[in-house]
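First the structure, in the form of structure tokens, and then the observations on it.
The values are calculated or read from the model by the stated rules, or taken from the named source; none is laboratory data. Everything quoted here is computed from the prediction, not taken from an experiment. With ideal geometry, Cβ positions are generated from the backbone for all residues, glycine too; neighbour counts draw on all protein chains shown. Only protein heavy atoms, including side chains, enter the accessible area calculation; ligands, DNA and RNA are left aside. Shrake-Rupley method; radii C 1.70, N 1.55, O 1.52, S 1.80 Å.
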Amino acid sequence: MTRHKVMILGTGPAGLTAAIYAARANLQPYVVEGNEPGGQLTLTTEVENFPGFPEGIMGPELMANMRQQAERFGAEFVSGWVTAVDLEKRPFRVTVNEDEVHEADAIIVSTGASAKMLGIEAETDYIGRGVSTCATCDGFFFRNKPIIVVGGGDSAMEEATFLSKFASEVTIVHRRGELRASKVMQDRARNNEKIKWKLNHTPLGVEADGNKVTGLRVRDNHSGEEKVLPVDGIFVAIGHSPNTAFLGGKLDLDTVGYIKTQGNTSLTSMEGVFACGDVMDSHYRQAITAAGSGCKAAMDVEKYLEGSSVHDWSQTVSAGH
Ligand code: NAP
């Protein structure tokens, strides 16, 4: 069994930034790649809002760069995912790929959140070619084009409102007649002339020409009629699921399953376990905010391993000193 000072679980912008900082602090982080190495940015094409790249950068390239940077300072990577954690013992025990058990003095959880998908025909084949789960990332590519947003919650209203700045027309497709979204978000969308509605319509499949999306096939729930709504882009906005199931309920989570952190820190309810990125942030969910929180987690781990009193230093950090 190998013992590590710190194990980092997940390799999105949060985990990789934590790996860069921890490696530069000589902590030789051991990084588990996770189910989706590189995280959600590997599912997108061009990233235009990550600072430092005036011409933009492809999502997979940005993540490969971050990984290289961490490796340069001594971070070690293992492919696969965590199947169990034992947080009762010290050092902690982390099982990777069912049978590889590691010991760790500290753990950074950066397993992210996965956008929920509809599970309809051809949907995953066209991610990055017309199907998207991130309006902030991809909206710009649909200037003056008709698009669809699927969902009836606050995310769908927010995405549709944001996308109406770019698209020629945004149609919200929702499977029921009533929206789940808050009144204020609904009103904002309803008062937007560019937003059209297809309520009581169930998405059935993505239509495409072999290269890019051409429409969404839907069923009218009242008449049973099937039809294709011709669009260039389909934004799936039916929520995200934080990847916390493997923790087996051993850390405090909020009501929707995101890890709770203390104040302005990355400290979780378990001393020695830290969290950063989308797994603890259901609100901002940006690569740059995740990267920032990864930096904080590595700095918190460094303090923790130095033996600073967790209480004293977390109070100081929370107070913003
Ligand atoms: P949500 O409230 O759970 O809404 C998900 C929507 O997607 C629902 O309308 C649901 O339909 C639909 N849906 C789910 N699975 C589907 C499927 N397989 N096929 C078709 N439709 C499907 O999720 P959310 O909108 O992401 O919001 C999550 C939380 O974040 C909420 O508490 C929300 O208030 C909050 N949030 C707040 C803001 C803000 O205030 N700025 C922005 C975004 C999110 P049904 O209604 O039929 O179940």
Handout entry: Whole-percent carbon and sulfur share, accessible surface of the chain, 1.4 Å
Key = 47 percent
Fill in the blank from the handout: Taking a label point 7 Å from the Cα of A245 along Cα-to-Cβ, the residues of segment 7-36 whose backbone nitrogen sits under 13 Å from it are 35
Completion exercise
Mean accessible area per residue over the chain (1.4 angstrom probe, all protein chains present, square angstrom) is 48 Å²
Practice task
Report, in whole Å, the centroid distance computed from the Cα atoms of segment 1-43 and segment 198-252.
Solution key: 31 Å
Practice task
Provide, for q = 0.15 Å⁻¹, the log10 of I(q)/I(0) from a solvent-free Debye sum over equal Cα point scatterers in the chain.
Solution key: -1.14
Completion exercise
Sorted by chain and then number, the residues having a modelled amide H within less than 5 Å of the amide H of E121, at least 5 places away or on another chain, are V206
Problem - Highest-MSF residue in the chain out of D281, D254, D232 [GNM, Cα springs under 10 Å] - result: D254
Handout entry: ³J(HN,Hα) computed for each position of segment 63-71 - Karplus, 6.51 cos²θ - 1.76 cosθ + 1.60, integer Hz, glycine/proline x
Key = 5, 5, 4, 4, 5, 4, 5, 5, 5
Handout entry: segment 117-236: relative contact order as a whole-number percent, Cα under 8 Å and 6+ apart
Key = 31 percent
Handout entry: Longest segment of the chain lacking trypsin sites (Lys or Arg not before Pro) that sit in a DSSP loop with at most 11 other Cβ atoms within 10 Å
Key = 144-321
Problem - Cα gyration tensor shape for segment 1-90, rounded if a/c is under 1.5, else prolate or oblate - result: prolate
Problem - Distance between modelled label sites at K183 and Q28, nm, 7 Å Cα→Cβ extension - result: 6.1 nm
Exercise for the section: Any cysteines in the chain with zero other Cys Cβ atoms under 4.7 Å from their Cβ? List them, or say none. Expected result: C276, C295
Problem - Inter-probe distance in nm under a simple model that places probes 7 Å from Cα toward Cβ, at E100 and H283 - result: 3.7 nm
Exercise for the section: Give me D for segment 117-236 in µm² s⁻¹, whole number, from Stokes-Einstein with Rh from the Kirkwood sum over alpha-carbon pairs, 37 °C and 0.692 mPa s. Expected result: 235 µm²/s
Problem - Taking the chain and dividing mean pair separation by its residue count, relative contact order in percent (alpha carbons under 8 Å, at least six apart) - result: 20 percent
Completion exercise
Percent antiparallel among DSSP beta bridges confined to segment 117-236, nearest 5, equals 40 percent
Problem - Where GluC sites (Glu not before Pro) in DSSP loops with at most 11 other Cβ within 10 Å are excluded, longest remaining stretch of the chain - result: 226-321
